[in-house]
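The values are calculated or read from the model by the stated rules, or taken from the named source; none is laboratory data. Values in this document were obtained by computation on a predicted structure and should not be read as measured data. Here Cβ is always computed from backbone atoms with ideal geometry, including for glycine, and neighbour counts include all displayed protein chains. Side chains included, ligands, DNA and RNA excluded: accessible areas come from the protein's heavy atoms. Shrake-Rupley method; radii C 1.70, N 1.55, O 1.52, S 1.80 Å.
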Amino acid sequence: MSDQVAGQEPFELAAVRNREDHADALTRLIDRGRRERCIALLSGTEAYAVAELLGQHAQLDPTDKLHQLAATIASRIYSRLGA
């Protein structure tokens, strides 16, 4: 039985072929996540550290889709933290 059949691939990332596909798939996941119930996975301190790392990563190449996605996620985390 494949992972997809067994429900082991709920995020639909197995089929990505390159960085652009990966960025598009992650963007779709973020959009889907906005409609789902929120649960706490990290402490505020951990979330702030993740946002900092994502923000630094985003600055490496601001025109790359994955880096733009990192900037978007960092911004959303900062917003939720009230920073």
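Rounded to the nearest 20 debye, what is the charge dipole size of the range 19-83 about its Cα centre when +1 sits on each Lys and Arg Cβ and -1 on each Asp and Glu Cβ?
On the way: 9 positive and 9 negative charges, 76 e Å.
My answer is approximately 360 debye.
Using the alpha carbon gyration tensor of the chain, what are the three equivalent-ellipsoid semi-axes (square root of 5 times each eigenvalue), largest first, in whole Å?
Numbers: eigenvalues 120, 68, 21 Å².
With the √(5λ) rule applied to the chain, the semi-axes are 25, 18, 10 Å.
Which value, to two decimals, describes the C-alpha radius of gyration of the range 34-76 once divided by 2.2 N^0.38 Å? Before the final figure, lay out each step's value.
Values: Rg = 11.6 Å, N = 43, 2.2 N^0.38 = 9.2 Å.
Rounded to two decimals, the normalised Rg is 1.26.
Along the charge dipole of the chain, Cβ charges K/R +1 and D/E -1, which of A14, V50, Y78 sits furthest on the positive end?
Farthest along the dipole direction, towards plus: Y78.
Quick one: with all protein chains in place, what share of the accessible area of the range 39-80 is carbon or sulfur, to the nearest percent (1.4 Å probe)? Let's see the in-between values first.
Numbers: 1730 of 2880 Å².
Here it works out to 60 percent.
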